[in-house]
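Encoded as structure tokens, the structure appears first; notes follow it.
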Amino acid sequence: MLRICLNSTRDGPAVIVSLVQTQELQTATADGQTVLSRAQYYWRLGLLLALTLSLYWSTIARLIAQWWSDPNFSHGFFVPLFTAFVIWQERDHLKRITPAASWSGLAFIAVAMCVLLTGQLGAELFLARFSLLILLAGLIVLFLGWNAFRAVLFPWAFLLLMIPIPAIIFNQITFPLQLQASKLAALALPLFRVPILREGNVISLPYMQLEVAEACSGIRSLMSLATLAVIYGYLAERRIWVRCLLAIASIPIAIIANSVRIIGTGLLVQYWDPDKAEGYFHASWGWIIFVISLLLLYALHSAIRAIWREQPPATKAAEPASNADDARIKKTFVASTSRLAASALLIAGTAAFLYLHSSAETFPPRATLDSFPQQLGTWEGSDVAIDKDVLAVLDPTDYLSRAYQNAQQPDQYASLFIAYFASQRTGKEVHSPKNCLPGAGWSPLESRRIHISVPGHAPFPANRYVVGKGDSRALVLYWYWAHDRGVASEYWSKYYLVADSIRMNRSDGSIVRLTTALRPGESIESASQRLVGLVAYIVPRLDDYIPR
């Protein structure tokens, strides 16, 4: 309301005009920010939420679908719930933080939009999902300042656990876990008079073979236990170093507990019934081992508290309760029209750009791999079946599994495997033979990178991999192939996947693998020349089946 006061002085009448704004109008604060009415506050906050949801709707929906369908990341449902609980628990402290909005948050929002565009257009799910966290950080810094972001740093960082690990890193984690669990079980089972033979992650028992598959690697219990270790540490412990120790300790605890699962399965096979190892008891072992892991984590925490007793918290002077005006002054989130306009423009602009570039992925015409020539020079081929379970894990769009024999030298054999993925936007990726072969019992003996020169094609790198199983040895030659380009590195393959998805709107790719047995006394170089000679017939024909 407007109040006008008239006073008389010897210099003449003076008009003192005082503008008193009610709570429903904006008032200026000491640092130049403004306070909004409740309606304006929620309207602007709702605008930001609506823009963010419209931009990330498909990303969030796909993330939730993966939590639901992938047991390795089902713990993701609990992460945002616990984050909300932490913020609610700290609500009184957060209310007392004086906002100090910073334009540097706009840079974070710009980075988030660039990361999102790279992830969406470049067929990289992790980048698209991670950009949402960068956006949240940018909005907090832009409207509330760095003090507010530091106050919510823990719940913000905890949200990282809800994002599934990229497949290229996930595969690097699971296989070492499989091998480690197999080794520990192989050391323990003989102590219970169970004779075994371990080859890679395959344990041969007198009555059956146990394969420590990806599902039994312990990655599920590790991810879930690490998440619960952080939650438990936050709720039950004030000391930061103890919280960090509990989170780190979840890794060896998960490995040990998973090894107990494999040992228990081996004992069931040896002393009870092999069928029990694949039935109800095998399925229930997962829950049993997870409970054991939690008990071990609690035991570790109890030991730490017994050895290093926690000191009682220092008494703090009570913080003055904020009055209505203080609470109203501190409600400056989205109060700045210029900040709101800048952030909304960035988010809306990115959404519009993605909408305009949302054309369907390009799928060039190609021949199916089952029509790949069976006659390659002097080599004659015949198709080889692949186990359904293995095929379900690989899940390629098209594949070729064929054994070739040299008609001029009948003792020379080579197998050719090609897996083609028409689209990798949904997270499908090529599995490296460095994971698959040891998983089948082949132990790595030697690995190096070579360059292959084929007439009519530029030289390209390939991986030469020597593996052994018992007295047998084999040479493996493999590379990643897409758009008439061969690369040896998984990471370069990922780089080209992102680049080609942006440039060509295509995310197709493949892996080509050749394997030959090393005959007794045969050198690696001799076997390598045999495979390279076969490559000269294969590469010129690949463009028909894996488009340029």
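Among (1) on the phi < 0 side of the Ramachandran plot; (2) among the small types (G, A, S); (3) modelled with pLDDT of 80 or more, which single condition is S359 missing?
Result: S359 passes all but (3).
Rundown of residues vs (1) out of contact with any Phe, Trp or Tyr (no Cβ under 9 Å at 6 or more places or on another chain); (2) under 16 Å from P373 (Cα atoms), yes/no style:
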| position | (1), (2) |
| --- | --- |
| R506 | no, no |
| V512 | no, yes |
| A517 | no, no |
| E522 | yes, no |
| L531 | yes, no |
| L534 | no, yes |
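Evaluate the following for R220: is it assigned to a helix (DSSP H, G or I), within 30 Å of F82 (Cα to Cα), at pLDDT below 85 and outside the structural domain of A157 (by TED's automatic domain parsing)?
So R220 passes the test.
How about the stretch 82-171: which helices (runs of 4 or more DSSP H) wholly inside it have at least 1 residues that are touching a Lys or Arg at 6+ places or on another chain (Cβ under 7 Å) and either farther than 30 Å from A229 by Cα or in contact (Cβ under 8 Å) with a residue 60 or more places away in the chain (or both)?
Correct list: 91-95, 125-143.
Taking the stretch 59-116 on its own, how many of its residues are of a type in the set (D, E) and farther than 29 Å from H357 by Cβ?
The number of residues fulfilling the criteria is 2.
Looking at the stretch 60-80, can you tell me whether even one residue there is modelled with pLDDT of 90 or more, surrounded by fewer than 12 Cβ atoms within 10 Å (Cβ to Cβ) and under 23 Å from F143 (Cβ atoms)?
There is no residue in the stretch 60-80 that is modelled with pLDDT of 90 or more, surrounded by fewer than 12 Cβ atoms within 10 Å (Cβ to Cβ) and under 23 Å from F143 (Cβ atoms).
Might you let me know whether the stretch 448-464 holds any residue that is modelled with pLDDT under 85, under 29 Å from the mean Cα position of the chain (by Cα) and of a type in the set (K, R)?
no
When you scan the stretch 519-542, do you find a residue that is modelled with pLDDT of 90 or more and closer than 30 Å to C114 by Cα, even just one?
No: the stretch 519-542 contains no residue that is modelled with pLDDT of 90 or more and closer than 30 Å to C114 by Cα.
When you go through I248, I231, I240, I263 one by one, which is the residue that is modelled with pLDDT under 85, aliphatic (A, V, I, L, M) and in the same structural domain as L296 (by TED's automatic domain parsing)?
Of the residues listed, the single one that is modelled with pLDDT under 85, aliphatic (A, V, I, L, M) and in the same structural domain as L296 (by TED's automatic domain parsing) is I263.
Give me the residue from the stretch 49-59 that is exposed (fewer than 14 other Cβ atoms within 10 Å of the Cβ) and polar (S, T, N, Q) and, out of that set, farthest from M113 (Cα to Cα).
Only one residue tops the list, namely S58.
Looking only at the stretch 88-101, count every residue that is in contact with a Leu (Cβ under 8 Å, 6 or more places away or on another chain) and exposed (fewer than 15 other Cβ atoms within 10 Å of the Cβ) and tell me the total.
So the count comes out to 1.
Do you know which residues across the stretch 521-548 are among the hydroxyl-bearing types (S, T, Y) and closer than 14 Å to V466 by Cβ?
Selection gives S523, S526, S528.
Considering each residue of the stretch 510-536, count those that are part of a helix (DSSP H, G or I) and touching a Pro at 6+ places or on another chain (Cβ under 8 Å), and give that number.
Summing the residues that are part of a helix (DSSP H, G or I) and touching a Pro at 6+ places or on another chain (Cβ under 8 Å) in the stretch 510-536 gives 1.
The values are calculated or read from the model by the stated rules, or taken from the named source; none is laboratory data. Every value quoted in this text rests on a predicted model; they were computed, and no experiment measured them. Neighbour counts are summed over all protein chains in view; Cβ atoms, including those assigned to glycine, are modelled from backbone coordinates with ideal geometry.
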